[in-house]
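Each value in this text was obtained by applying a stated rule to the coordinates, not by laboratory testing. Everything numeric here is computed off the predicted structure, so don't read it as measured data. Please note: Cβ atoms are built from the backbone with ideal geometry, for glycine as well, and neighbour counts cover all protein chains shown.
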Amino acid sequence: FRHITRHSIALLLRTRKYDYDLVVIGGGSGGLACSKEAAQLGQKVAVLDYVEPSAKGTKWGLGGTCVNVGCIPKKLMHQAALLGTAVKDARKYGCQIPCPTTNQNIRKQHWKAVQNHVRSLNWGHRVQLKDKKVKYLNLKGSLLDEHTVRGMTKSGKEVGCFFITKIPGAMEHGITSDDIFWLKEAPGKTLVVGASYVALECAGFLTGIGQDTKVMVRSIALRGFDQQMAGLVTDHMQAYGTRFAWGCVPQRVDKLPSGALQVTWADTRTGKEETDSFDSVLWAVGRAPEAKALGLDKVGVEVNRETGKIVVGADESTSVSNIYAFGDIGEGRPELTPTAVKAGRLLARRLAGQSTQLMDYDNVATTVFTPLEYSCVGLSEEEAVGRHGQDAIEVYHAFYKPLEFTVAERDASQCYIKVVCERGGEQRILGLHYTGPNAGEVMQGFSLALRCGATLSHLKETVGIHPTCAEELTKVSITKRSGLDATVTGC
Ligand code: NAP
């Protein structure tokens, strides 16, 4: 059961002696960045973008997943949850503010405000395209041949297969992250199926805004991330109030006469079947590219049959010389807005003959916006061990307490820093990991250091900004190998 990612797909056609120099299919983050850059470099550019409604009928405007049903509304929901925690903290600082998390009217206002902001961004994107003289076509694009793109209007709409599942009732009664931000009100008691970025972020903000939330994890949380850090994130979520069903696999969803959704699942650890009822079931089980509708087979663009993604080279080229693909649709590419944006811009510059620079997909920092945020750059400890061997890496770590947690009497058990380095030579840093407040803000600067080849002594020679959480990264001195207590005491 996967929902289709449609709008971070950006497939680009380079044409010569045709109507356009560039035609970009997909007005997601990457597609928009590429088209605007190309237009600024003097190319004649068109962007086709069309939102096929979700199975629940949710539709949205220009800007792709990030703007409409991803990063932007997610961060605003996360912010609402953080404010709830801040209101609780405020009491310890002598400021008595009632916490309105359970007030449905306020929740409705919040949902509406987020939606209004997203609409303003949709409008902003249209204005930017117009200003930069990029032709925007609200059409569903597909390839007729390698130099011809067909745009279909609503009347030519195909019925998309948005759900790939055999779980009875999942499609009829479920929602995905395509829908959650466009509901008219908060979803109530919610089961979130899946345990990666989207699942944990949604479960986190839902818990934070007072919704009874359970996460169903079939294997591990945050696959691909450092698993010690993933454990801290989920431990904190459990302490925060999110319930977890570990090792559980959903089997069916039935709508009861009351309107409640009864979910039946198998607990793989006990071998038992269990049920519970929910107001909403949110499927966050991964996204699949909607490449079939692009007509790639007609022109011979190579696609990985297993993942459905387009096979790309280091320069975003495909197996057809004038067709390029970048963003989520590229095989093996990170599904992240900033990488799509940068890859799109660089491609536009190369196509315009202005540069030969390729996108460097290494050492891209990212943040998981769970109630306790987690950010990282570089290798996880597992990856570092896998590549270099246990004896060739050194891990420095610290359990620290953010100053703002002290007066607020917040538990800091999961606030942790890990610096993964080479053990020999200059101790080049391979990976940095941080759980705590403002994780994205903390890691962005350190990611620059990693790109510049930072070593442990560079980190330790850096003078901290006192008293901040980021400062703690510059102070690490305890190695895991030493077995010493890594709890930070004093300033
Ligand atoms: P994902 O990373 O592909 O994870 C899918 C999750 O669903 C996994 O936990 C998987 O479990 C589980 N799952 C899959 N099929 C299932 C089934 N039939 N039953 C139960 N569980 C099932 O997908 P995602 O969380 O949607 O993220 C997609 C991409 O979006 C990510 O790669 C990420 O780069 C991007 N993203 C980024 C941000 C950010 O930058 N903050 C936020 C959100 C998303 P297993 O591990 O057992 O397979």
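Each of THR337, THR148 was scored by other Cβ atoms within 10 Å of its Cβ. Listed from fewest to most, they are THR148, THR337.
Over the chain, what is the relative contact order in whole percent, taking alpha-carbon pairs under 8 Å and six or more residues apart? Before the final figure, lay out the partial values.
Details: 1039 pairs, mean separation 77.6, N = 491.
Over the chain, the number comes to 16 percent.
Across segment 431-436, rounded Karplus estimates of 3J(HN,Hα) from the backbone phi angles (6.51 cos²θ - 1.76 cosθ + 1.60, θ = phi - 60°) give x, 10, 9, 8, 10, x Hz, Gly and Pro being marked x.
Eigenvalues of the alpha-carbon gyration tensor of segment 293-369, scaled by 5 and square-rooted, set the equivalent ellipsoid semi-axes at 21, 18, 9 angstrom, largest first. Counting beta carbons within 10 Å around each of HIS458, HIS110 and listing the fewest first gives the order HIS458, HIS110. Calculated mean residue ellipticity, 222 nm, the chain: -9500 deg cm²/dmol, from DSSP H runs (n ≥ 4) at -39500 (n - 2.57) each, averaged per residue and rounded to 500.
Each 10 Å bin from 0 upward holds the following percent of the Cα-Cα pairs of segment 38-139: 13, 32, 26, 16, 10, 3, 0. For segment 223-238, the Karplus equation 6.51 cos²θ - 1.76 cosθ + 1.60, evaluated at θ = phi - 60°, returns couplings of 3, x, 8, 4, 6, 5, 5, 4, x, 5, 4, 6, 4, 5, 4, 5 Hz by residue, with Gly and Pro reported as x. Local charge sum around ILE465 (other residues, Cβ-Cβ under 14 Å, Lys/Arg +1, Asp/Glu -1)? Result for the local shell: -2.
For ARG126, ARG223, the sequence from fewest to most other C-beta atoms within 10 Å is ARG223, ARG126.
For segment 415-483, relative contact order (Cα pairs under 8 Å, six or more residues apart, normalised by length) works out to 28 percent.
Work out the charge dipole of the chain with +1 on the Cβ of Lys and Arg and -1 on the Cβ of Asp and Glu about the Cα centre, then indicate which of CYS66, CYS452, VAL118 is farthest towards its positive end. My answer, from the dipole projection, is VAL118. Debye-formula intensities of the chain, expressed as log10 I(q)/I(0) at q = 0.10 Å⁻¹, are -0.85 (one equal scatterer per alpha-carbon, no solvent).
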